[in-house]
Amino acid sequence: MNEIHIDLRDLNLLAVLDAVLTEGSNRAAAARLGVTQSAVSHALARLRQRLGDPLVVPTGGRMVPTPLAESLAPALRESLERLGGALRGARGFDPARSTRTFWVSSADLAGMVVLPPLVRELTRAASGISVRMRPPNDSTLVDLERGGLDVALGIFGEVPAAFRVQALFRERFVCVARRGHPVTGGRLTLARYLEHGHVSVAPWGGTGSIVDETLARLGKARRVVVAVPHFLLAPFVVASTDLLLMAPERVAHLLAPAFDLEVMRAPLEVEGFTVSQLWHERMQQDSGHQWLRRLMTEAAASSAPGLRSRGGRARVAE
């Protein structure tokens with residue numbers, strides 16, 4: 001018996017055969033598939049050549065299957081139904097029924113802002129879905145391309161053309177101090193700010209930051225007493241000392257109630273930054289991924305300081 005070869009480019013021929021076997025005629029199969037009858041006949045001729053079998057024979061106004069076609073029919077129908085179901089599932093994502101796991105790369109800042117409202121929505125309307133967070137690294141773009149990551153949150157410059165970027169929120173800096181700190185009484189001037197020691201957040205090591213660069217352009221310098229790599233460490237120090245912290249506004253308002261901190265307007269204009277979400281073009285049309293990106297956008301919008309409840313301890317001091 002000759003070995004049978006089916007080219008992947010000719011898998012559509014099997015769909016034609018399935019339609020003919022189901023409908024019993026080339027004309028009905030053509031109507032079901034939305035093609036001409038001659039296209040069905042041509043597809044059958046090619047498949048007959050591939051398999052070396054007539055497959056269907058016209059008898060009494062119907063196309064009657066050969067034994068080979070009869071043996072293929074159940075597996076062919078099941079395979080096409082499973083493929084169709086998978087395609088419908090990909091296009092018709094239902095968060096209430098999905099058990100999908102999304103992988104998200106994020107530093108602590110973006111994660112603190114976006115994750116809490118995102119998880120609240122998952123708990124409310126998509127309890128089967130889970131999110132796995134991990135810190136950014138040098139392989140983030142590769143992981144997005146290969147499927148190891150779904151979305152990356154962060155501050156991005158130029159990215160390759162195969163990636164898409166959407167801005168989530170613009171952040172500015174504010175000054176944070178413990179409640180009752182001397183600088184919280186009255187207006188915080190640059191001179192008063194520089195009288196005190198400071199906590200610097202330097203994610204990449206060292207002690208300098210954009211705050212120090214801004215001060216240097218003014219011919220000024222602050223006294224950095226301690227430098228930490230994450231914003232989550234800083235409030236523990238600020239809450240129990242007289243050190244000051246310059247922090248992104250959303251993060252400051254999130255942490256202030258828990259640590260009994262005061263949030264004040266910054267005494268100098270420090271350039272802000274934009275936090276965005278980044279994904280690979282291949283996920284653009286995936287309905288589940290679209291749902292996740294929409295939730296990320298809504299979560300970021302809900303974090304705007306002006307939209308949050310004023311019921312906490314944090315306040316904006318002049």
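Numbers for the structure displayed
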item: Search result, residues across segment 238-248 that are small (Gly, Ala, Ser) and crowded, with 16+ Cβ neighbours inside 10 Å; result: ALA239, ALA247
item: In segment 39-55, the residues that are touching a Pro at 6+ places or on another chain (Cβ under 8 Å) and either free of Cβ contacts under 8 Å to residues at least 24 places away in the same chain or farther than 12 Å from VAL20 by Cα (or both); result: ARG48
item: Residue among LEU254, LEU233 that is out of contact with any helix residue (DSSP H, G or I) (no Cβ under 8 Å at 6 or more places or on another chain) and over 22 Å from GLY186 (Cα atoms); result: LEU233
item: Strands (runs of 3 or more DSSP E) lying entirely in segment 1-108 (those with 3 or more residues that are modelled with pLDDT of 90 or more and touching a Gly at 6+ places or on another chain (Cβ under 9 Å)); result: 101-106
item: In segment 261-293, the residues that are farther than 17 Å from LEU153 by Cβ and touching a strand residue (DSSP E or B) at 6+ places or on another chain (Cβ under 7 Å); result: LEU261, GLU262, VAL263, MET264, ARG265, ALA266, PRO267, VAL270, GLU281, GLN284
item: Output for segment 138-165, where each listed residue is among the small types (Gly, Ala, Ser) and either modelled with pLDDT of 95 or more or part of a helix (DSSP H, G or I) (or both); result: ALA152
item: Residue satisfying condition, being out of contact with any Asp or Glu (no Cβ under 8 Å at 6 or more places or on another chain), crowded, with 22+ Cβ neighbours inside 10 Å and modelled with pLDDT of 90 or more, within set PRO235, PRO267; result: PRO235
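A quick yes/no check of all residues on (1) of a type in the set (A, V, I, L, M, F, W, C); (2) surrounded by fewer than 16 Cβ atoms within 10 Å (Cβ to Cβ); (3) part of a strand (DSSP E or B):
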position: ALA167; (1), (2), (3): yes, yes, yes
position: ARG170; (1), (2), (3): no, yes, yes
position: ALA177; (1), (2), (3): yes, no, yes
position: GLY180; (1), (2), (3): no, yes, no
position: ARG187; (1), (2), (3): no, yes, no
position: ARG192; (1), (2), (3): no, yes, no
position: SER200; (1), (2), (3): no, no, yes
position: ALA216; (1), (2), (3): yes, yes, no
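The values are calculated or read from the model by the stated rules, or taken from the named source; none is laboratory data. Only a predicted model underlies this, so the values are computations on that prediction, with no experimental measurement involved. Here Cβ is always computed from backbone atoms with ideal geometry, including for glycine, and neighbour counts include all displayed protein chains.
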